[in-house]
Structures are given as C-alpha cells and as structure tokens.
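Below is one structure; the comments refer to it alone.
The values are calculated or read from the model by the stated rules, or taken from the named source; none is laboratory data. All values reported here derive from a predicted model rather than from experimental measurement. Neighbour counts run over all protein chains shown; Cβ positions are idealised from the backbone, glycine included. We work out accessible area using only protein heavy atoms, side chains counted, and drop any ligands, DNA or RNA first. Shrake-Rupley method; radii C 1.70, N 1.55, O 1.52, S 1.80 Å.
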Amino acid sequence: MSPVISTVAAPSATAEQLHAWHDSLKNFPPVSEGCFQADYPSLAWQQVACGETPTYRSNPKYRGADTVGNGYDYSATTSHLTQSATGSFPSEAGGGSGGYTLQLNTNFGNGPTAFCSALGYSSCQTWEQFIYSSNYPGNAGTGVSGPQAFIQNWMFIPAHKRCPSGWNGYKTSSYNGCYKNSKGIAAPAVGLSGLSGGSLSGSASTSGLDTVTFTYGGTAYAVSQSGSTLDIGATWNNSEFNVVGNGGGSAATFNSGSSLTVKVATNDGTTNAPTCTGPTNGGTTGETNNLNLGACVAAGGTSPYIQFTESN
C-alpha cells in the first residue's frame, strides 16, 4: 500500500499560530503503533499507510571533527530522564544543496539489565535516532522513494555476540553494532534553504510508544513504534539535534556565508534548564555538515531549551 500525503490545504495561519500548534501536538501523540498525519489546527491524528521500511543507515560517531557532527556538537542534557525533545531552526541564512538528514539523537545509554539479559547479552548500549531524510532513495524494486520520517534503533553488543533476529549488523574495529528501522512515512521535500519552516520531535516511553514527528507548515507526520524496541526511555537524558549528511557518515553542504540558529527544547517533567553539553563529545552521530559552531545558551521555564549558532 502506497504512503499517503495530504493534498488538503491547511487554513491560513501565522508563524506564531503554527508554532503554538506544533507545541500542542507534543501533548497529544498517537496512541498506537503505525504512521499518522495531522493537519492544522486539528490535534487529532489520522492513521495513514506507512511506506516501506527504510534501508537507510546512519553512522555512529567514530572520531572528532572540526565542523559540526561526528561527535563534535552541542546537546541538551536534562536533570531527569528525557521524555521528549524537539529540534527547530529559529533563523537561517544562505542555504545549500544536496541531500541531508535532520537527526534528533539520544545519548548512548547503558541498556537496562533486564533488556540486555532478555536478548542474551551480559551488557549492551542502546541509541535511538529520530530522523527526517530529505531524499531517501527507497528500497530496490519497491518504487518507494522521496523524503521520509522514521526511527532508527541501535544496539552495541559484545564483540563475540551476534545481533538479534531481525536486526542488521554493522561491525567496525571500534564496536559491534546492530540496527533496525521503523516503518517510514512519506513527508514533503524541504531544501537546505527552508529549514526554519519545520521541526523534528522525538518522544519515548518504556511502557508506551516511541514516536518521531516531523512538522512542516500546517501538516505533521508521525511514526510510532513500541517503547520496548530499545527501552530507550529508561536511559535517555541527552539530546543532539542538527542537520547533517544523508547517512553513511556523509556531510550536508551549505553555501559559503550560511548560518543557522539551532534550538533543542526538552521535556523531563521539570522546569529546569537543560545543560549545554559539548561541543567536544557533545554529539553521537557520525554524519556532519560544513558549518562551525558558535556559543550555546540554556534556559528553563515552561519550555526548557538550549540554543546555539553555526555558520561558515
């Protein structure tokens, strides 16, 4: 069954109204696994057909970098376990070309003993990525292509162990990784010069669902999976968000003179300000972009966040 993108025009709304609607949606996530869509000003999700499971693979960080990514980034560390986070770009200038992903990444968590033991591992680490891919190439022979939002799940296990059934292996000299993707949902194409019009959110619950939500303009696109896939809700306390390459350790390329303001809003059930962690070892993804990081600030209140700049 082909994925569905709504062609119904959303009622006219100001940027402030859309921002408030995006924020409100976080309080009303989908209540079952699958793919969903919501149109402004409704807070009700409509289930739609999922696309094929993406074959996309990100790279975990493997060395330091001078520009953004590959471990060199800011992230928002919460004082309690993170329940949800949202990444956005309050301002942008310059733009660029080529494929990219928006990634909202959790920390590498030491997996709960029960979770690891149930899979036969004496120890393991878990990592979850909430992703929007600008031009996902699709699975060979399926006819499915174009931008998608989805979740990528990672598990890092002892070197002599094999990945669980249904997981793909990705082994390097540094780690023995296992990954699998959720279903994907078709989303609109957005260029590197249109990033301020959208946002990417992730939420997690060990007893409920993990959900990725990509919003652009008056439409939101969401994919939910079981929270037991990784039990990431038991270890998530650090969130990295940025625009980076489109998988495989690649780079997103911005034009000379480009700049972005990056905001990561967090929810840990308190009004405490998150901590700006980084930039050295502040991130977890192996993908990069060609911008340089500026200063990072943090604020608490009803919607705690960190915010920083990057430019070239």
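Across the range 76-81, rounded Karplus estimates of 3J(HN,Hα) from the backbone phi angles (6.51 cos²θ - 1.76 cosθ + 1.60, θ = phi - 60°) give 9, 9, 9, 6, 10, 4 Hz, Gly and Pro being marked x.
Could you sort the peptides 231-237, 108-114 by per-residue average Cβ neighbour count (10 Å cutoff), highest mean leading?
On the way: 231-237: 23.4, 108-114: 16.6.
Going by the mean number of other Cβ atoms within 10 Å, highest first, we get 231-237, 108-114.
Specify whether the C-alpha gyration tensor of the range 146-240 places it in the rounded, prolate or oblate class, a ≥ b ≥ c being the square roots of the eigenvalues: rounded for a/c under 1.5, otherwise prolate if a/b is larger than b/c and oblate if not. Judged from the Cα gyration tensor, the range 146-240 comes out prolate (a/c at least 1.5, a/b above b/c). Rolling a 1.4 Å probe over the heavy atoms of the protein chains gives the chain an accessible area of 40 Å² per residue. When the square roots of the Cα gyration tensor eigenvalues are ordered a ≥ b ≥ c, the ratio a/c for the chain is under 1.5, which makes its shape rounded. Ranked by the mean number of other Cβ atoms within 10 Å of their residues, highest first, the peptides 198-206, 44-52, 126-134 come out as 126-134, 198-206, 44-52.
The label-point distance for Glu16 and Ser122, in a model that sets each label 7 Å from Cα toward Cβ, rounds to 6.0 nm.
Within straight-line reach of Lys180, meaning a Cα separation under 16 Å, sit the following lysines at least 8 residues removed in sequence or on another chain: Lys171.
Positive-end ranking of Pro188, Tyr132, Tyr305 along the dipole of the chain, with charges on Cβ about the Cα centre, is headed by Tyr132.
Tell me the carbon and sulfur percent of the accessible area for the chain, rounded to whole percent, probe radius 1.4 Å. That share works out to 49 percent. Remark: the range 171-180, residue by residue, has Karplus-estimated 3J(HN,Hα) of 10, 10, 5, 9, 7, 10, x, 10, 9, 7 Hz, where x stands for each Gly or Pro and the curve is 6.51 cos²θ - 1.76 cosθ + 1.60 at θ = phi - 60°. Assuming charge only on the beta carbon of Lys and Arg (+1) and of Asp and Glu (-1), the dipole of the chain about its Cα centre is about 700 debye to the nearest 20.
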